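Everything below concerns the one structure shown next.
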Ligand SMILES: [Zn+2]
């Protein structure tokens, strides 16, 4: 179980969606997608926070479920080995009388429209493309951790050595130890890379990325309202 601070959850705009049946959570973690029945109806596509995985997901409404037969075509992606077993769990959780609804939940990486807004910023200040940032991530030695306060830190191999980059989603702060960043209030290359990595892997959603980069995206130029701290 992974806790998300209340203010971070609010900023993310996501709803908490628990997966208390272990095999279903595990199926979602392994296969990036699962079909699940719930006792509520919510037809809007939503970002959800999944505490059992410590990740964000996307929830899509599929249909109302009236009988076991309605689930037949989804059994292979339910986490259950048979339709009878799945239906037994659904009945145990929601009874026979309560209305039931089927959802698809996915933790696939999403296209990051937000960070595409950084394209001009990257070109202007780093003479780099966003595509380069993604490629850079694939080859960089990025290490991260998730402490209690929803702060992610990474050690990123840079041109002149290893840099420590940190993104704090409670305070909307980015810190980096690199020289390019220091004292100029710029969002550095490493900060972009870290946030991109977190978003690609669903540790954050687009809204949290927006909150962090809001000033840069709106103005297209560095404004030190996102606090840039320096370790040295
Ligand atoms: Zn940096």
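The values are calculated or read from the model by the stated rules, or taken from the named source; none is laboratory data. Please read all numbers here as calculations on a predicted model, not as lab measurements. Reconstructed Cβ throughout: ideal geometry from the backbone, glycine too, with neighbour counts over all protein chains shown.
What do you reckon, is residue 115 surrounded by 18 or more Cβ atoms within 10 Å (Cβ to Cβ), more than 23 Å from residue 43 (Cα to Cα) and either outside the structural domain of residue 201 (by TED's automatic domain parsing) or modelled with pLDDT under 95 (or both)?
On the way: surrounded by 18 or more Cβ atoms within 10 Å (Cβ to Cβ): yes; more than 23 Å from residue 43 (Cα to Cα): yes; either outside the structural domain of residue 201 (by TED's automatic domain parsing) or modelled with pLDDT under 95 (or both): yes.
Yes; evaluated as a whole, the condition is true for this residue.
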(Q) Name the single residue that is surrounded by the fewest Cβ atoms within 10 Å (Cβ to Cβ) among those in segment 118-147 being at pLDDT 75 or above and assigned to a loop (DSSP other than H, G, I, E, B). (A) 147
Q: Among the numbered conditions (1) away from the ligand (no atom under 14 Å from the Cβ); (2) over 16 Å from residue 200 (Cα atoms); (3) at pLDDT below 75, tell me where residue 179 comes up short.
A: (1)
Q) Limited to segment 154-168, what total is found for residues that are closer than 19 Å to residue 212 by Cβ and either within 11 Å of the ligand (Cβ to nearest atom) or modelled with pLDDT under 85 (or both)? A) 6
Q | Hits in segment 151-165 (condition: in a strand (DSSP E or B) and free of Cβ contacts under 8 Å to residues at least 24 places away in the same chain) | A | 151, 153, 155, 157, 161, 162
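With within 28 Å of residue 7 (Cβ to Cβ), away from the ligand (no atom under 14 Å from the Cβ) and modelled with pLDDT of 80 or more as the only criterion, which of 215, 207 stands out?
Working: 215 fails: modelled with pLDDT of 80 or more.
After applying the criteria, what remains is 207.
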Q: List the number of the failed condition for residue 171; all other conditions in (1) surrounded by 16 or more Cβ atoms within 10 Å (Cβ to Cβ); (2) modelled with pLDDT of 85 or more hold.
A: (1)
Q: Determine which single condition residue 194 fails, assuming it passes every other condition in (1) in contact with a strand residue (DSSP E or B) (Cβ under 6 Å, 6 or more places away or on another chain); (2) more than 23 Å from residue 110 (Cβ to Cβ); (3) at pLDDT 80 or above.
A: (2)
